[in-house]
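A.B. asks: My questions will all concern the structure given below.
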Amino acid sequence: MARPRLPRSIQELVHWYERYISPLSLVAGFIADNLFLTRRVDLFQTNALLFSYLVICALGIILINLIESGRVRIAWVLRIAPLVPIVIQFSFGGLFSGYLSLYSRSAAYAVSWIFVLAIAALLLGNERFSRLYVRFSFQIALYFTVLFSFFIFFLPVLFHAIGPWMFVFAGATSLAVITLFLLLLRFFVPEIVKREKTKVARSIAVLFLLFNVLYFAGAIPPLPLSLKDAGVYHSIQRAQDGSYLLSGEPLPWYEQYLRYNTTLHVAPGESAYVYSAVFAPSGLSTIILHQWQRYDETLKAWVTTDTLRFSIQGGRDGGFRGYSIKAGITPGSWRVNVITQYGQLIGRIAFTVADVGTLPTLVQTTN
């Protein structure tokens, strides 16, 4: 029997084109984020978009469970019921897309790759989750994940402060919000909440523990801080207009986008300069450190030789600029960790120092 040209209901429409709807919702989330999500985590537009996704997810979860429990019998609502999981899927996809963009910009991949990879996996797996969105325990677990991920950077922006205690505050706020949400759901669909409460409690506990382990292991990037620019140079001077004059070796185009495997050719006794520009939200001031480390071939380990600290002020698009100097740098493998005062890695500049008799031709850039 030939399929009719037009579907007879929304449910039939979703059934026909289910394999296409999930990828399209993912693409739509990407488009929405690219149109409305800014590169600054402290702007109203960015947080308003992410907060709107959180609200849509919450309303969608409430509606889908009202329909599932049979408490909603309005004809037109029942007709659009098959679209509710798709709307939830779109909103979660928009959140994961936004988080991937924000967290990956802040991440020093040497240690934060686990968390960034987890967000990327949730984003890519989102189109496979359409059948799971009708499961209550899955809905709540995923919603707690996006709540915690949001409060990690939103609360520091709101209170102009960062550090472990702010992360603990974000965790406590996430638990409070998800508890209030569950109480609201218990008011509407008490039998579902009662039936699933053990699974929900276990999943939230596991996720809460996982977030804390990743944070205190340094695997969660220290948002809202992010490394905008960094490099190693032969000399750095600050001009009268406040700009920085950076004198360094010309790099191949592909190395200009990397902070690894750069070679610095120096004369004996010459100093090395490392420059960094760290973005912080408006109103936030904190301390960052340049931790100079040299690889010891005997110990087979990185050994810290110097740690220099300076304060930064938030609000500049290109990040707060600063530099540190290593006098009489010796040949070998070096790296400079740009870290917070709490030891979280914001970024890393790795390079090899090689002695030369004649210095290479240098190029000067202005930042």
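Please treat every number below as a calculation from the coordinates, not as lab data. Please read these numbers as outputs of a predicted model, since none were measured by experiment. Quick reminder, even Gly has a Cβ in these numbers, built from the backbone with ideal geometry, and neighbours come from all protein chains shown.
A.B. asks: Given H placed on each backbone N at 1.01 Å, which residues far from Gln341 in sequence or on other chains put an amide H within less than 5 Å of it?
C.D. replies: Those lying under 5 Å, H to H, from Gln341 are Ile287.
A.B. asks: Can I ask one more? Quote the charge dipole size of region 277-367 about the Cα centre in Debye, to the nearest 20; the model charges only the Cβ of Lys and Arg (+1) and of Asp and Glu (-1). Please report the intermediate quantities before stating the final value.
C.D. replies: On the way: 8 positive and 5 negative charges, 34 e Å.
Approximately 160 debye in magnitude.
A.B. asks: Same structure again: In which sequence would Trp334, Trp292 go, from the one with the fewest C-beta neighbours within 10 Å to the one with the most? It would help to have the intermediate numbers written out before the result.
C.D. replies: Working: Trp334 24, Trp292 21.
Fewest-to-most Cβ neighbours within 10 Å comes out as Trp292, Trp334.
A.B. asks: Right, here's the next one. Give the peptides 189-195, 319-325, 337-343 in descending order of average Cβ contacts within 10 Å, highest first.
C.D. replies: Values: 189-195: 14.3, 319-325: 19.9, 337-343: 17.9.
Top of the packing list down: 319-325, 337-343, 189-195.
A.B. asks: Which whole-Hz couplings ³J(HN,Hα) result when phi for each residue of region 95-100 is put into the Karplus expression 6.51 cos²θ - 1.76 cosθ + 1.60, θ = phi - 60°, listed in order with x for Gly and Pro?
C.D. replies: Calculated HN-Hα couplings, in order: 5, 5, 4, x, 5, 4 Hz.
A.B. asks: Given contacts defined as C-alpha pairs under 8 Å and at least six residues apart, what's the relative contact order of region 143-235, whole-number percent? Present the calculation step by step, with values, prior to reporting the outcome.
C.D. replies: Working: 34 pairs, mean separation 27.7, N = 93.
It comes to 30 percent, rounded to a whole number.
A.B. asks: In whole percent, what relative contact order does region 277-333 give with Cα contacts below 8 Å and a gap of six or more residues? It would help to have the intermediate numbers written out before the result.
C.D. replies: Numbers: 92 pairs, mean separation 25.2, N = 57.
About 44 percent, as a whole number.
A.B. asks: Order these by the 10 Å Cβ neighbour count, fewest first: Asp317, Asp306.
C.D. replies: Working: Asp317 9, Asp306 14.
By the 10 Å Cβ count, ascending: Asp317, Asp306.
A.B. asks: Sticking with this one: What is the fewest-to-most order of Ser203, Ser271 by other Cβ atoms lying within 10 Å of their Cβ? Could the numbers behind the result be given before it?
C.D. replies: Numbers: Ser203 18, Ser271 12.
Ordered by Cβ neighbours within 10 Å, fewest first: Ser271, Ser203.
A.B. asks: Can you give the convex hull volume per residue for the Cα atoms of region 226-366, as a whole number of Å³? Intermediate results must be reported in sequence, preceding the final value.
C.D. replies: Values: hull volume 16.5 nm³, N = 141.
So the per-residue hull volume is 117 Å³.
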